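Single-structure report; data block below.
The values are calculated or read from the model by the stated rules, or taken from the named source; none is laboratory data. Keep in mind it's a predicted model, so treat the numbers as computed, not measured. So basically every Cβ, Gly included, is an ideal-geometry build from the backbone, and we count neighbours across all protein chains shown. Accessible surface areas use protein heavy atoms only, side chains included; no ligands, DNA or RNA. Shrake-Rupley method; radii C 1.70, N 1.55, O 1.52, S 1.80 Å.
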Amino acid sequence: MVLRTDRLSLRRLRDDDLDALATMNADPEVMRYIMDGSVRDREQSALGLRKVIHDWDARGFGLFAVELRETGEVAGWVGLAVPEFLPEVLPAVEIGWRLDQRFWGHGYAAEAAAEVLRFGFEDRDLDRIISIRHVDNARSARVMEKLGISYAFRTVVPEHQQPVAVHEITREQYLARRRG
């Protein structure tokens, strides 16, 4: 399965994406607002990649590698996941993104996430999609705003006591935006 936008190809993550993911996950600035802010080593990235591949098979959705169509470079990922780290929102499906710092500021996250929202609502028939961000992550807040994902409430991730904002969009809101 491959989804396409004007500039990007989105495909399931695969084993040969490990180098790009490990490099991205080792960058302190990229990981600044992820869980407790710690970077991940190659082994941790490999374990995460195996889980992502398994989740696709188990759920029928997951994280997409974001490739630049012009160069084939993997810029990061955008996708859908069950946010098990925040039990109070369950049952839920979350949209999230993580891009290598070299690809920030080009609109890739919003472009890819818009296509993943379409996939979630139109291809997977989801009724609601949430997005969770560290309260200080202004970049992610701007992406959510561009996508029409509205602030719902603030809470704390139990494992790390990280303050997060939960945002959401329903299928009806998504379809109204597409029509309008």
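Scanning region 1-25 for residues that are closer than 16 Å to VAL78 by Cα, of a type in the set (Val, Ile, Thr) and touching a residue at least 60 places away in the same chain (Cβ under 8 Å) returns a single hit, THR5. SER38 passes every criterion in (1) under 17 Å from VAL164 (Cα atoms); (2) in contact with a strand residue (DSSP E or B) (Cβ under 9 Å, 6 or more places away or on another chain) apart from (2).
Condition test on TRP77, is it within 14 Å of the chain's Cα centre (by Cα), open to solvent by 30 Å² or more (accessible area, probe 1.4 Å) and touching a residue at least 60 places away in the same chain (Cβ under 8 Å)?
yes
Of all residues in region 6-15, those satisfying the criterion of being open to solvent by 20 Å² or more (accessible area, probe 1.4 Å) and assigned to a loop (DSSP other than H, G, I, E, B) are ASP6, ARG7, ARG14.
Which residue is surrounded by the fewest Cβ atoms within 10 Å (Cβ to Cβ), if the candidates are limited to region 26-71 and must be in contact (Cβ under 8 Å) with a residue 12 or more places away in the chain and of a type in the set (S, T, N, Q)? Step by step, filter region 26-71, then rank; the result is GLN44.
Go through region 75-89 and report how many residues are in a loop (DSSP other than H, G, I, E, B) and hydrophobic (A, V, I, L, M, F, W, C). Talk me through it step by step, then tell me what you get.
At the first step, the residues of region 75-89 found to be in a loop (DSSP other than H, G, I, E, B) are 82-86.
If we keep only those that are hydrophobic (A, V, I, L, M, F, W, C) too, we end up with 82, 85-86.
Residues flagged as in a loop (DSSP other than H, G, I, E, B) and hydrophobic (A, V, I, L, M, F, W, C) within region 75-89 amount to 3.
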